[in-house]
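The values are calculated or read from the model by the stated rules, or taken from the named source; none is laboratory data. All values reported here derive from a predicted model rather than from experimental measurement. FYI the Cβ positions are ideal-geometry reconstructions off the backbone, even for glycines, and counts take in every protein chain you see.
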Amino acid sequence: MSPLEASSGAPILSVRSLIKRYSSRTELGGLLSRTPDKIVTAVDGVSFEIGEGERLGLVGESGSGKTTIGRLLLRLETADGGDILVRGREISGLRGKDARAFYRDVQMVFQDPYGSLNPRFKVQDTLMDPVIVQRLAPRRGGADRAAWALERAGLSPPEEFFHKYPHELSGGQRQRVAIARALVMNPRVLVADEPVSMLDVSIKAGILNLLKKLSDEDGVAILYISHDLSTVKYLCHRTAILYRGKLVEVGPTGEVIERPRHPYSQALKAAVPNPDPRAPRRQVAMTGNPGERVKDLGCRFRHRCPDAMEVCAHVEPALIEVGRNHFVACHLHDPNI
Ligand code: SF4
């Protein structure tokens, strides 16, 4: 098995060697400045698959490229290289009814349940709008579909919520409406970008359980984007750690989070507060500036890595298998170095 492959079910989503670059010239400051154009590679050759009913966690700190990957999957941005396939079809060239089918198959749940709903739309309109735009059902059938999605998202009875505006709902209810808006399209892939990070702890578990149920019972493939290892551990079958646009560790969640092998993954784990002061933990002190860009070859984590070696400055590590379905990009684990 390669890190690309889904661990369960037929692959619904395949991402191959995905690349996204940004130019400083596209920003206003860059256009006005006389400094030379700078190209930043936000996503650099990322590959993975998600199978039917599988939940993959994509973890990294701010600026790691995880949200950019989510936006590329939704066609909100255009990739500079690589392929994205949904149900075996490359998405960049889809037009007409094929594009409409794609927008039904792939849905997103955003981080901010306050900002992602139109404050002037009642819940019913929020849910029926995409149904009408996609011509999935006439108005009467659309209402039935909206009611079904609300029930599926745990808002029952749906009639109680139909005529409410977002400001009349709690944070958890708003996020459930956002999930219902995705479900109304009967998606096969759900991209959930930090969907619980703005919610109270008591509400988080309910939303995570809902996502679990959707993939277990309906076979929805979920890409769960987060920086929170505890929610990834609770929800995801596999976890991929992203650093500066590259995958540095991929594997079963129990392995990657409990026994991380890459120094960056170890640092992420060490940063999670543990209520038990007797619990053993490896202190991983990252050095250097997280915003500093590494220009030349070699490992992009080397300026912050407590274990960096001479070779790390010259040779970029590739993902190698260190355990069953567990892959790490680090020279410490390369038997040939
Ligand atoms: Fe650290 Fe070298 Fe491994 Fe990179 S390749 S994580 S610098 S030990």
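Worth a mention:
- Checked against the criterion of being buried (at least 16 other Cβ atoms within 10 Å of the Cβ) and modelled with pLDDT under 95, the candidates R140, R152 yield just one match: R152.
- Verdict on V248 being of a type in the set (A, V, I, L, M) and modelled with pLDDT of 95 or more: yes
- Conditions (1) of a type in the set (S, T, N, Q); (2) out of contact with any Phe, Trp or Tyr (no Cβ under 8 Å at 6 or more places or on another chain); (3) surrounded by 15 or more Cβ atoms within 10 Å (Cβ to Cβ); number of the one not met by S62: (3)
- The residues on offer are R181, R135, R145, and the sole one that is farther than 26 Å from I241 by Cα and buried (at least 21 other Cβ atoms within 10 Å of the Cβ) is R181.
- Among the residues making up region 295-310, a single one is more than 8 Å from the ligand (Cβ to nearest atom), farther than 22 Å from A240 by Cβ and buried (at least 16 other Cβ atoms within 10 Å of the Cβ): H303.
- Residues of region 88-126 that are free of Cβ contacts under 8 Å to residues at least 24 places away in the same chain, over 18 Å from R75 (Cβ atoms) and within 22 Å of the chain's Cα centre (by Cα): G115 alone.
So that you can scan it fast, the table gives a plain yes or no per residue for (1) modelled with pLDDT under 80; (2) within 14 Å of the ligand (Cβ to nearest atom); (3) surrounded by fewer than 18 Cβ atoms within 10 Å (Cβ to Cβ); (4) not hydroxyl-bearing (S, T, Y):
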site	(1), (2), (3), (4)
P273	yes, no, yes, yes
P290	yes, no, yes, yes
R293	yes, no, yes, yes
C312	no, yes, no, yes
A318	no, yes, yes, yes
R324	no, no, yes, yes
A329	no, yes, no, yes
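- Listed by position, the helices (runs of 4 or more DSSP H) contained in region 60-137 that have at least 3 residues being touching a helix residue (DSSP H, G or I) at 6+ places or on another chain (Cβ under 6 Å) are 123-133.
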